[in-house]
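Accompanying notes for the structure given below.
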Amino acid sequence: MIDFELTKKDQEILDEIRRQALVAREHARYYDENEHEFPPDKLPEADDFPHAHGLFAGREEGKDTSVGIMSMLLAAGETWGDYSVRMRRGSGGLGNAALRAAGTPEQQAKWGDMTLAMAITEPGCGSDPSKVQMTAVLDGDEWVLNGEKIFVTTGCRAGGVIVWATIDKSAGRAGIKSFLVEKETPGFIVAHKEKKLGIRADDTAAYVFQDCRIPRENLLGLNEEIPKASSGGFRGVMKTFNMTRPGVAAIGLGISQAALDFTRDQLAEAGIEIEYGASLQGQSAVVDKFCRLEALQEASMLTVMRAAWLAGEGKINNDEASICKAKGGSAVREITQGCIDILGPMGVSREHLLEKWFRDVRITDIYEGTGQIQRMIIARSLFDYTRAELN
Amino acid sequence: MISFGPTEEQELVRDTLREFANEEIRKPARECDEASEIPTAFLDKVWEMGLTTTQIPAEYGGGGEARSPIMNAIALEELAYGDVTLAAAALAPSLSAMTILDHGTDEQKKTYLPAYCGDKWVAGSLALVEPSPAFDALNLRTLAEPKGDNFTLTGTKTFVPFGDRADHFIVVARNAQDGFAGLEAFIVPRDAKGLRISENEKNMGLRGLATSRLELEKVEVSAANRLGGEKGIDGRRLINSSRVATGAALVGLSRAVLEYVVPYAKEREAFDQAIAQKQAIAFMCADMKIEVESMRWLVWKAASQLEQSLDATRSAHHAHIYTTDHAVTIADNGIQVLGGHGFIREHPVEMWYRNAQSLAVLEGTFAL
């Protein structure tokens, strides 16, 4: 049945997440201004708070909102507090999603509990990962890795990394394979933590691999063959994104929601209440603008939930994952920009968090596929085009 | 529990109407636009599907099925995907029937609803919008003043559907209060003293839909015709329903644009390539797809709140401002994808552009 209301249990969970997020928010400014420091894995206050997973107990499958949709609302609820500072840092990275999608059962058992980063981007290639320059050469029972990786999320904190490297440059995309490299492997150097516009407390690393030798069985999925037609294997890896893209959009939308809530509160303090129902002619420009930003927020979050709902129903959600990522990526920018416009100088003062949120959300439209890459995917599907026909 | 899953029945209605829209609505749409007229035979044909009648209780002669704004939003998207003007005309009976059903007294329902349960389409009509600039539904200029037990109505209404043939009009007016509480509605027979009905208006969009201007000069309405009797109407529900319905129609219109430009862009070549292979065009189409989806979920959310009799004011407001904004942009870009051909009346896109911009400023054209 089509329904958009949260159940009592749903609401309890979200309220609790928000309560915890507010605690994280108290530390937000400190770690933004002290970029070299890592926020702790666990805030001291976290001991007294129930864990998100525990909150899920007592949910009724089929009566309460599905886990897939709730996980999106939880992600947004957490970043509503702060992007980087969390009550407790989860153990999974994007690499864990790749391991689950493409690893053999043995590989999953071996590394499943380790936080795994995912290293794709290089100084010379970002959106087009088929141009990966990092090489992996088989030498006896070992792969020898050489190359550089940048913008590795969780790269400092992770225990290991899934890294993309080519085993045959002449094979193009088909030659690219995923390898698992554990930290402390000789020749694997974490060069530095990047300095960024926003999400400063988040750990984004640059890696260098110099004759880094890893066991032959660290090739994810163990398939050493180079497929003739370059699609299957690569697409398999790209499937990783079908739940992470909605997640990324949700993460950004949690921040833009914080911006909207802050703006509404400040307006209320100034005696400007948001009322719904009046036509354009019947309300002030400020109220109208706020309502439009809010509608954009709602619409974007609904596309996220829709993609998650499809996944939960076991339906294909490739298009929808890209739709909500593209939508969310542009919406969060427009919303935080709009909130600053509404509040004026207050919006750009570091006394408040709005300017930080404006900086933090900017990444949403870039990582896990830029808005343009998402539109390419959506358009290829619309026109039934291959990669070669539309690029 | 948040869910995007339509019921089997809703899916069936959607699929049936989608086929009907493609087969029966899209084709006559242009001719109706050019002639500013919709053949009664067409309206009767849609009527056979029972879209209005099924949700009227059996005691008044209807199908007795549950009142379902969600079902109606799904149906309206499909009909409007065929053509939004024909959809408005075919569903005009709902303007009267659903409004009386939602707000009327038992006596009013008994008197008026059976007329919408017959074999043939009958005109229904809601008089809401007004010709003055800066129209605001929450600040109407048509006033309802008590006169003894009765009321007098004074003001001007425009874009009133089927002013040329409706047996009665539901005229929305303002009492002494402000905002939603200030909204009143009256059932005004077409021969009421002081009511002047204009010739058909000449409109830019929705041209097939006959509309009139109503001049009300101290029209006296009996207390029995005050919709909802002594307690009046639920002003929020009336306005929210109208706005969400407009949103649903605009989702259908926007989807029509998208589905029309996709094959065109694949076929049309420029610089030795289909224009769809150029990012400038491909991204425009991708954005249309993104927005059609976004619009639909906002409409569904508001419709589901209406269905559950929750206060849908916030969601309806969001759905309305969002869909009106984006439908116009989508139709506008639809023309751009077709280039010069988009400007020519041989293609329907220019018609959809006129219709989208018209609906963006109209209210009371649809009810859920």
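The values are calculated or read from the model by the stated rules, or taken from the named source; none is laboratory data. Only a predicted model underlies this, so the values are computations on that prediction, with no experimental measurement involved. Cβ sites come from the backbone with ideal geometry, for glycine too, and all protein chains shown count toward neighbours.
Just checking, how many residues over the stretch A:167-204 are farther than 30 Å from A:Pro39 by Cα and of a type in the set (D, E, K, R)?
Qualifying residue count for the region: 4.
Only one of B:Val46, B:Val13 is in contact with a helix residue (DSSP H, G or I) (Cβ under 8 Å, 6 or more places away or on another chain) and more than 14 Å from chain A (Cβ to nearest Cβ). Can you tell me which?
None of the other options fit; the residue is B:Val46.
What pairs come up if the first residue lies in the stretch A:162-177 and is under 18 Å from A:Ala119 (Cβ atoms), the second is part of a helix (DSSP H, G or I), and their beta carbons are under 6 Å apart, counting only those six or more places apart or on different chains?
From residues that are under 18 Å from A:Ala119 (Cβ atoms), the pairs are A:Ile162/A:Gly95; A:Ile162/A:Ala98; A:Thr166/A:Gly175; A:Ile167/A:Gly175; A:Arg173/A:Ser130; A:Arg173/A:Phe234.
For the stretch A:312-391, which fully contained helices (runs of 4 or more DSSP H) count at least 3 residues that are more than 26 Å from A:Tyr30 (Cα to Cα) and not hydrophobic (A, V, I, L, M, F, W, C)? Give the derivation first.
Values: elements: A:318-343, A:354-360, A:371-383.
Per the criteria, A:318-343, A:371-383.
Name, by its number, the condition in (1) under 30 Å from A:Asp32 (Cα atoms); (2) under 23 Å from the mean Cα position of the chain (by Cα); (3) surrounded by fewer than 19 Cβ atoms within 10 Å (Cβ to Cβ) that does not hold for A:Arg100.
Every condition holds for A:Arg100 apart from (1).
Checking the condition facing chain B (nearest Cβ under 8 Å) and under 17 Å from the mean Cα position of the chain (by Cα), which residue from A:Met301, A:Met305 passes?
A:Met305
Does any residue in the stretch A:54-66 that is more than 8 Å from chain B (Cβ to nearest Cβ) come within less than 6 Å, Cβ to Cβ, of a residue that is not in a loop (DSSP other than H, G, I, E, B) six or more places away or on a different chain, and which pairs are these?
Pairs found: A:Leu55/A:Ile13; A:Leu55/A:Glu16; A:Arg59/A:Lys9.
Kindly check whether there is at least one residue in the stretch B:239-256 that is more than 14 Å from chain A (Cβ to nearest Cβ), in contact (Cβ under 8 Å) with a residue 60 or more places away in the chain and either in contact with a Pro (Cβ under 6 Å, 6 or more places away or on another chain) or not in a helix (DSSP H, G or I) (or both).
no
Looking at B:Ala319, B:Ala270, B:Ala282, B:Ala331, can you tell me which residue is more than 8 Å from every other protein chain (Cβ to nearest Cβ) and either touching a helix residue (DSSP H, G or I) at 6+ places or on another chain (Cβ under 6 Å) or hydroxyl-bearing (Ser, Thr, Tyr) (or both)?
B:Ala331
For A:Phe4, are the conditions met, namely being away from chain B (no Cβ under 14 Å) and farther than 17 Å from A:Glu78 by Cα?
no
Within the bounds of the stretch B:337-345, is there any residue that is more than 13 Å from chain A (Cβ to nearest Cβ), touching a helix residue (DSSP H, G or I) at 6+ places or on another chain (Cβ under 8 Å), part of a loop (DSSP other than H, G, I, E, B) and in contact (Cβ under 8 Å) with a residue 60 or more places away in the chain?
Yes.
Step by step: first the residues of the stretch A:25-54, then only those that are in contact with a Lys or Arg (Cβ under 9 Å, 6 or more places away or on another chain) and part of a helix (DSSP H, G or I), then the one that is farthest from A:Met87 (Cα to Cα). Which residue is that?
The residue in question is A:Glu33.
To keep it simple, each residue is scored yes or no on (1) touching a residue at least 60 places away in the same chain (Cβ under 8 Å); (2) in a strand (DSSP E or B); (3) at positive phi.
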position: B:Arg165; (1), (2), (3): no, no, no
position: B:Phe169; (1), (2), (3): no, yes, no
position: B:Ala185; (1), (2), (3): yes, yes, no
position: B:Lys193; (1), (2), (3): no, no, no
position: B:Glu199; (1), (2), (3): no, no, no
position: B:Met204; (1), (2), (3): yes, no, no
position: B:Leu209; (1), (2), (3): yes, no, no
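With (1) surrounded by 24 or more Cβ atoms within 10 Å (Cβ to Cβ); (2) facing chain A (nearest Cβ under 9 Å) as the list, and B:Val299 as the residue in question, which single condition is left unmet?
(2)
Looking only at the stretch B:147-159, decide whether some residue is crowded, with 19+ Cβ neighbours inside 10 Å, in contact with a helix residue (DSSP H, G or I) (Cβ under 9 Å, 6 or more places away or on another chain) and under 28 Å from B:Ile56 (Cα atoms).
Looking for residues that are crowded, with 19+ Cβ neighbours inside 10 Å, in contact with a helix residue (DSSP H, G or I) (Cβ under 9 Å, 6 or more places away or on another chain) and under 28 Å from B:Ile56 (Cα atoms), one finds at least one in the stretch B:147-159, hence yes.
Would you point out the residue of the stretch A:213-237, among those that are modelled with pLDDT of 95 or more and either farther than 23 Å from A:Ala97 by Cβ or not assigned by TED's automatic domain parsing to the domain that holds A:Gly147 (or both), that is surrounded by the fewest Cβ atoms within 10 Å (Cβ to Cβ)?
Once the filter is applied, the top-ranked residue is A:Arg216.
Quick check on my filter: what residues within the stretch A:267-294 are more than 19 Å from A:Thr364 (Cα to Cα), within 10 Å of chain B (Cβ to nearest Cβ) and part of a helix (DSSP H, G or I)?
Residues satisfying the conditions are A:Leu280, A:Gln281, A:Gly282, A:Asp288, A:Cys291, A:Arg292.
Give the residue that is nearest to B:Phe366 (Cα to Cα), with candidates limited to residues of the stretch B:308-323 that are surrounded by fewer than 22 Cβ atoms within 10 Å (Cβ to Cβ) and touching a residue at least 24 places away in the same chain (Cβ under 8 Å).
B:Thr313
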